[in-house]
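These notes are about the structure you will find just below.
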Ligand code: GTR
């Protein structure tokens, strides 16, 4: 099978991705999922009230065994507006660029947030938030977007020697559908994930896990790259809460692939995110770890040793020993609306494992009288299902495209009752 159809991004291709993967349902080893409702004392959670405690217990298991610690806000967090343009996108949007500075001192590490808001909004707007792969300038050709100065993975047009140049503007326009979001009354907030930690095995040495170790009171090895990216999303939320043009109670957190894993981990920790969207997040995201289909725990830990805590590697040979599985991560979103999406040609991410992740989160949603997917089997291609927990598998490859965004916008319209649309 071509690597492309496996959904592997060419510039991130790890050697171990070439290890043979299983794509045969008949070869899935038997497994038993841990029950998210089963408490440590052996009793079963029967009410949403009891779930509050169980939720913390499960969150702690994920910290210990998978993603590592999640520190709180850093002291002296500062927001500095770098630019505002009220006539962006041909007069349709306001563009703001904000430095989120992780400390009082101007030399503290920082992340740059790019925010677009519809000009026509009459009240604070709901916003889609998420990290991007190659810098803010890749989400649109708008020449006013600042170029990132830090390390970027080589591969895309306009990235040379790990530095982005003007030719990278708009490289991932398709993936963000910015004009469509604006025309439907939504804002978009994004930041480059490398501002938090460059995505390679040594990235932690220059990322916030090292530069903020002292201020956060945490050693780099106590958390993970996914943890650092997720932490950044919460700091983006801290900023959005101060922005009068944004309705911070209506922030839909999105993420594609590894950034989908980060989005799920961020929303598990931070319940301010009102909607959570996992796009093709696969292994370590929405897909069940116990299913040996496509990417496995062992493969992901070998290819990307920095993504998770060291302890997660102990489960390489036998994920059945994990005290959690990814349906429990998805259950941590309850009762918030959750959308899980797969793509047919993204078998590497195990679409069925992603569907089952969402399916097995349902009992927790039921504690809140919230409907789940409403189906037992995976739906047909391009047939979205579900209400508070929703799912689709679209045709095509590992990606986030116009079709996915249409579903997410409809989903947000439904749950936010967006007045601006
Ligand atoms: C792949 C990785 C996946 C997924 C993907 C991506 O190489 O194996 O887990 O995260 O990268 O982020 O595009």
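Only the coordinates and a few stated rules stand behind these numbers; no lab work does. Nothing here was measured: the structure is a model prediction, and the numbers come from that model. Neighbour counts run over all protein chains shown; Cβ positions are idealised from the backbone, glycine included.
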Practice task
Could you calculate the FRET efficiency of residue 310 with residue 383 from 1/(1 + (r/R0)^6), where r is the beta carbon distance between them and R0 is 30 Å, rounded to 0.05?
Solution key: 0.15
Exercise for the section: Round to the nearest 10 and give me the degree value, 0 to 90, for the angle of helix 48-62's Cα axis relative to the longest principal axis of the chain. Expected result: 80 degrees
Exercise for the section: May I ask you to derive the FRET efficiency for residue 35 and residue 179 from their Cβ-Cβ distance with R0 = 51 Å, giving the value to the nearest 0.05? Expected result: 0.70
Exercise for the section: Would you work out if the range 276-421 is rounded, prolate or oblate? Take a ≥ b ≥ c from the square roots of the eigenvalues of the alpha-carbon gyration tensor; rounded if a/c is under 1.5, else prolate when a/b is larger than b/c, oblate otherwise. Expected result: prolate
Completion exercise
Helix 402-416: inclination vs the chain longest Cα principal axis, degrees, rounded to 10, gives 90 degrees
Problem - Segments 219-229, 116-126, 150-160 sorted - mean Cβ within 10 Å per residue, highest first - result: 219-229, 116-126, 150-160
Exercise for the section: Run the quick spin-label model on residue 320 and residue 153: label points 7 Å from Cα toward the beta carbon, then report their separation in nm to one decimal. Expected result: 3.3 nm
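Kindly give the semi-axes, whole Å and largest first, of the ellipsoid equivalent to the range 163-223, taking each as the square root of 5 times a Cα gyration tensor eigenvalue. Walk me through the numbers on the way to the answer.
On the way: eigenvalues 203, 52, 14 Å².
They are 32, 16, 8 Å, listed from largest to smallest.
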Fill in the blank from the handout: Taking every alpha carbon pair in the chain and sorting the distances into 10 angstrom bins from 0 up to the bin holding the longest one, the percent per bin comes out as 5, 23, 34, 27, 9, 1, 0
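Can you tell me the order of 383-389, 358-364 when each peptide is scored by its average per-residue count of other Cβ atoms within 10 angstrom, highest first? Spell out each step's value before the answer.
On the way: 383-389: 19.3, 358-364: 23.3.
Peptide ranking by packing, descending: 358-364, 383-389.
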Exercise for the section: Just grab the label-to-label distance for residue 205 and residue 119, each label 7 Å out from Cα along the Cβ direction, in nm (one decimal). Expected result: 4.8 nm
Completion exercise
Expressed in angstrom and rounded, the centroid-to-centroid distance over alpha carbons for the range 339-374 and the range 84-143 is 31 Å
Completion exercise
For the pair residue 368 and residue 57, the simple spin-label estimate (label points 7 Å beyond Cα toward Cβ) gives in nm 2.0 nm
Handout entry: Alpha carbon centroid spacing (whole Å) that separates the range 211-250 from the range 378-421
Key = 27 Å
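If I take R0 = 25 Å and measure r between the Cβ atoms of residue 413 and residue 241 in this structure, what FRET efficiency does the formula 1/(1 + (r/R0)^6) give, to the nearest 0.05? Could the numbers behind the result be given before it?
Numbers: r = 23 Å, r/R0 = 0.91.
Rounded to the nearest 0.05, the efficiency is 0.65.
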Practice task
Could you order peptides 288-295, 87-94 by the average number of other Cβ atoms within 10 Å of their residues, highest first?
Solution key: 288-295, 87-94
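Among rounded, prolate and oblate, which fits the range 30-74 when a ≥ b ≥ c are the square roots of the eigenvalues of its C-alpha gyration tensor, a/c under 1.5 means rounded, and a/b larger than b/c means prolate?
Values: a/c = 3.08, a/b = 1.36, b/c = 2.27.
Here the range 30-74 falls in the oblate category.
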Exercise for the section: Calculate the translational D of the range 59-121 in whole µm² s⁻¹ from Stokes-Einstein, where the hydrodynamic radius comes from the Kirkwood formula applied to all Cα pairs, the temperature is 37 °C and the viscosity 0.692 mPa s. Expected result: 231 µm²/s
Fill in the blank from the handout: If one compares the long axis through the Cα atoms of helix 225-240 with the longest principal axis of the Cα atoms of the chain, the angle in degrees, nearest 10, works out at 50 degrees
Problem - Reciprocal of mean inverse Cα separation for the range 147-191 (Kirkwood radius, Å) - result: 11.9 Å
Problem - Paramagnetic reach from residue 146 in the range 81-102 [backbone N under 20 Å; point 7 Å along Cα→Cβ] - result: 81-89, 94-102
